[in-house]
Amino acid sequence: MADEPRSATARAHSNIAFVKYWGNRDHHLRLPANSSISMNLADLHTTTTVAWDSDLQQDTLTINGAIAADSAVERVRNHLDVLRARCKTGHFARVCSSNNFPMGTGIASSASAFAALTVAACAALGLRLSERELSVLARRGSGSAARSIPPGYVEWHAGDSHNASFAETFAPPNHWRLIDVIAIVSRAHKRTGSSAGHETAGASVLQPARISSAAERLRAVKSAIKHRDFGRFADLVEEDSNLMHAVMMTSKPPLLYWEPLSFAIMKAVRYWRTVEKLQVCYTLDAGPNVHCICVASDADRVIARLRSLSSELDILRSAVGCGAYVLAPES
Ligand code: PMV
């Protein structure tokens, strides 16, 4: 007779990087070319239920109630293979995942998705893994997922081996009440996703310069966060984002993620900070949407100014979030 399915539900938050991860030293293991830092986003999360079931003939995946596309199923299956090996099970899994932020907004959900999947899959088998080991495992699904396991302000140590590449907290969520105000410039799906993008980074002549200066930038951003020094933080975060996009733009083929409105917002943010004295700076991931990082007391003013730039902008807002966790079963 088949065993009862063993299931658990976990939640993980998305994160926004201040010193970016772009390019791998080992693509298969997702060992990054440089260490990175980020903050978790309290208001953007993925909730995932994993049920290991001896009756299943293959893994299944639904996202927001709909059967997922083949490409998503394949990526989840590959990650479940990693988890099956670690958790010593040969069973297949039923995976149901949902995001609380609107799908198709161009906000990368892979960090929260693979962190929630990892935590739920291990919990369903009754495995009590350390935060570090969960971060190591989540990294295999999506590099930035390693950073969604621990809470608050997080550093992902690049490491030089599978077990040495993990993320940990360096300041708790309540250390500094920063807000991420996200201007949704385009909802279009990325033509080149980050997994493919990481493979092109090495083709840019600028990547060695970005990598060799990353450790010093990371040290300085961490220190600015520790001392809540917004001016220093803002200059470094914008520099790091610009450096990553300079690498993207000079890869082969070039990756041009910015839209005209992205650039207009970047220039406006600098004006709001340097002339109008709002405590806000920008950073962009592998897409055109602009993350405006600001102190909590300036968030409403930043949102009002964004609306005055373009009345059609969708805007999301998030405070600093906690780490990934298992949800209590519904009774
Ligand atoms: O985890 P991935 O493969 O989606 O890569 C994330 C890459 C960036 O979002 C562009 C930068 C970062 O550090 O989050």
Filter segment 1-31 down to residues that are of a type in the set (D, E, K, R) and touching a helix residue (DSSP H, G or I) at 6+ places or on another chain (Cβ under 7 Å) and give me whichever is nearest to the ligand (Cβ to nearest atom). 20
Pick from segment 176-217, criterion among the β-branched types (Val, Ile, Thr) and more than 23 Å from residue 154 (Cα to Cα), ranking: modelled with the highest pLDDT: 205
For residue 109, state whether it is surrounded by fewer than 24 Cβ atoms within 10 Å (Cβ to Cβ), of a type in the set (Ser, Thr, Tyr) and either within 14 Å of the chain's Cα centre (by Cα) or within 16 Å of the ligand (Cβ to nearest atom) (or both). yes
Only one of these conditions is not met by residue 205: (1) surrounded by fewer than 19 Cβ atoms within 10 Å (Cβ to Cβ); (2) closer than 25 Å to residue 318 by Cα. Which number is it? (2)
What is the number of the single condition among (1) at pLDDT below 95; (2) assigned to a loop (DSSP other than H, G, I, E, B); (3) within 26 Å of residue 328 (Cβ to Cβ) that residue 108 does not meet? (3)
Among the residues of segment 57-74, what is the count of those that are modelled with pLDDT under 95 and either surrounded by 24 or more Cβ atoms within 10 Å (Cβ to Cβ) or in a loop (DSSP other than H, G, I, E, B) (or both)? 4
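Residue by residue, here is whether (1) within 16 Å of the ligand (Cβ to nearest atom); (2) of a type outside the set (Lys, Arg) holds:
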residue: 201; (1), (2): yes, yes
residue: 204; (1), (2): yes, yes
residue: 211; (1), (2): yes, yes
residue: 227; (1), (2): no, yes
residue: 234; (1), (2): no, yes
residue: 253; (1), (2): no, yes
residue: 267; (1), (2): no, no
residue: 275; (1), (2): no, yes
residue: 285; (1), (2): yes, yes
Subset of segment 237-264 [aliphatic (A, V, I, L, M) and closer than 14 Å to residue 294 by Cα]: 237
Count of segment 184-199 residues which are within 12 Å of the ligand (Cβ to nearest atom), in contact (Cβ under 8 Å) with a residue 40 or more places away in the chain and over 13 Å from residue 21 (Cα atoms): 3
Is it the case that segment 60-79 has a residue that's within 16 Å of the ligand (Cβ to nearest atom) and in contact with an Asp or Glu (Cβ under 8 Å, 6 or more places away or on another chain)? yes
Is it fair to say residue 242 is under 27 Å from residue 100 (Cα atoms) and among the polar types (S, T, N, Q)? no
Determine if segment 32-41 includes at least one residue that is away from the ligand (no atom under 16 Å from the Cβ), assigned to a strand (DSSP E or B), buried (at least 24 other Cβ atoms within 10 Å of the Cβ) and touching a residue at least 60 places away in the same chain (Cβ under 8 Å). no
Select from segment 172-201 the residues that are touching a helix residue (DSSP H, G or I) at 6+ places or on another chain (Cβ under 6 Å) and farther than 22 Å from residue 75 by Cα and list them in ascending order. 177, 179, 181, 183, 185
Residue check, residue 195 exposed (fewer than 15 other Cβ atoms within 10 Å of the Cβ), among the small types (Gly, Ala, Ser) and not in a loop (DSSP other than H, G, I, E, B): no
From 128, 132, grab the single residue that is surrounded by fewer than 24 Cβ atoms within 10 Å (Cβ to Cβ), more than 14 Å from the ligand (Cβ to nearest atom) and at pLDDT 95 or above. 132
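The values are calculated or read from the model by the stated rules, or taken from the named source; none is laboratory data. Everything numeric in this text was worked out from a predicted model, so none of it was measured. Positions of Cβ are backbone-derived with ideal geometry, glycine not excepted, and every protein chain shown enters the neighbour counts.
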